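Read the structure below first, then the notes.
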Amino acid sequence: MEKKVYSTSGKELRTITLDDKVFGLPVNDDVIYYAITNELANKRVGTACTKDRAEVHGSNAKPYKQKGTGNARRGDKKSPIMVGGGITFGPKPRDFSYTMPKKAKRLAIKSILSMQAQSDRFTVVEDFTVESGKTKDLVKILENFAKDERTVIVLKDDDKKIKQAGRNIPTLSFLSYNRLRAHDLFYARKVVVLETAVKNLAEFYASEEKEAK
């Protein structure tokens, strides 16, 4: 598959060949769903906590005698059916995270990259950075490729300057080529990939395939 490479001003420069092993695979909807669900589960804090009847502060005495009042039989005031009593089967702190098989995770990322590459949402841009670290300089570049849309920029390395420039843009997120997130990639309306990052992605996943064998 071939894609055009654009300059930061939006002009066509040349074409680049995308590796079909990374960008030309059939889309596997099932594994994408599992990858996104896994990421969301791992992000959950799991600190919700309620008190059961053993933990509620209060007297153990019956509120009134067992017989002769005409009311229903009551235990202590900490009963779950009493106002201010304990909670039945309420949430307790827990860890929602779990591990997904590496091969399945890699397949999900490649499926999403293939899905985006086969659409008009995928754009390859020549390598650039924002030396000033100012948001306005990055906005000028992004105006040529995305306008007020959820956008992901795939970087060739950990470029602190460009991240500094983009941290005030709520619709923008950055991903390094070797640390992609399925959720961000899948829901992005625009995926801007630096030219070197395209090559790095192909080499990175190709090396993983060799290690798997």
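The values are calculated or read from the model by the stated rules, or taken from the named source; none is laboratory data. This one's a predicted model, so the numbers in the text were calculated from it and none came from an experiment. Cβ atoms come from the backbone with ideal geometry, glycine included; neighbour counts cover every protein chain shown. In case anyone asks, the SASA skips ligands and DNA or RNA and just uses the protein heavy atoms, side chains included. Shrake-Rupley method; radii C 1.70, N 1.55, O 1.52, S 1.80 Å.
Under the condition of being among the acidic types (Asp, Glu) and touching a Ser or Thr at 6+ places or on another chain (Cβ under 9 Å), which residue from segment 155-198 is farthest from THR129 (Cα to Cα)?
My answer is ASP184.
Out of ASP137, ASP184, ASP95, which single residue is out of contact with any strand residue (DSSP E or B) (no Cβ under 9 Å at 6 or more places or on another chain), assigned to a helix (DSSP H, G or I) and either more than 22 Å from GLU2 (Cβ to Cβ) or among the aromatic types (Phe, Trp, Tyr) (or both)?
ASP137
On the basis of being without any contact (Cβ under 8 Å) to a residue 40 or more places away in the chain and either more than 25 Å from the chain's Cα centre (by Cα) or open to solvent by 50 Å² or more (accessible area, probe 1.4 Å) (or both), does LYS3 make the cut?
It is false that LYS3 is without any contact (Cβ under 8 Å) to a residue 40 or more places away in the chain and either more than 25 Å from the chain's Cα centre (by Cα) or open to solvent by 50 Å² or more (accessible area, probe 1.4 Å) (or both).
Here are some residues: ALA54, ALA48. Which one is surrounded by 11 or more Cβ atoms within 10 Å (Cβ to Cβ) and either at positive phi or out of contact with any helix residue (DSSP H, G or I) (no Cβ under 8 Å at 6 or more places or on another chain) (or both)?
Result of the check over ALA54, ALA48: ALA48.
Only residues in segment 141-152 that are part of a loop (DSSP other than H, G, I, E, B) count as the first member; pair them with residues that are open to solvent by less than 30 Å² (accessible area, probe 1.4 Å) and aliphatic (A, V, I, L, M), Cβ under 9 angstrom, at least 6 apart or cross-chain, and list the lot.
Here the result reads ASN144/VAL125; PHE145/VAL125; PHE145/VAL192; ALA146/LEU172; ALA146/VAL192; GLU149/ALA188; ARG150/LEU172; ARG150/ALA188, each pair linking segment 141-152 to a residue that is open to solvent by less than 30 Å² (accessible area, probe 1.4 Å) and aliphatic (A, V, I, L, M).
Which of the residues belonging to segment 95-110 are loosely packed, with under 12 Cβ neighbours inside 10 Å and basic (Lys, Arg)?
LYS102
Name every residue in segment 84-112 that is touching a Lys or Arg at 6+ places or on another chain (Cβ under 9 Å) and free of Cβ contacts under 8 Å to residues at least 12 places away in the same chain, in order of residue number.
If the condition is that a residue be touching a Lys or Arg at 6+ places or on another chain (Cβ under 9 Å) and free of Cβ contacts under 8 Å to residues at least 12 places away in the same chain, then no residue fits.
Which pairs do you get when a residue that is farther than 27 Å from ALA104 by Cα, found in segment 164-185, comes within reach of a residue that is at pLDDT 90 or above and assigned to a helix (DSSP H, G or I), reach meaning Cβ atoms under 6 angstrom, with the pair 6+ apart or on two chains?
If the second residue must be at pLDDT 90 or above and assigned to a helix (DSSP H, G or I), the pairs left are ALA165/THR135; ALA165/LEU138; GLY166/LEU138; ASN168/THR135.
In segment 111-125, what residues are closer than 20 Å to VAL139 by Cα, open to solvent by less than 50 Å² (accessible area, probe 1.4 Å) and not aliphatic (A, V, I, L, M)?
PHE122, THR123
Restricting to segment 24-44, count the residues that are among the β-branched types (Val, Ile, Thr) and modelled with pLDDT under 95.
Summing the residues that are among the β-branched types (Val, Ile, Thr) and modelled with pLDDT under 95 in segment 24-44 gives 1.
Quick check on ARG74: is it part of a loop (DSSP other than H, G, I, E, B) and either touching a residue at least 12 places away in the same chain (Cβ under 8 Å) or over 23 Å from THR47 (Cβ atoms) (or both)?
yes
Return the total of residues in segment 9-41 being part of a loop (DSSP other than H, G, I, E, B), open to solvent by 40 Å² or more (accessible area, probe 1.4 Å) and farther than 14 Å from ALA117 by Cα.
Total satisfying the criteria: 3.
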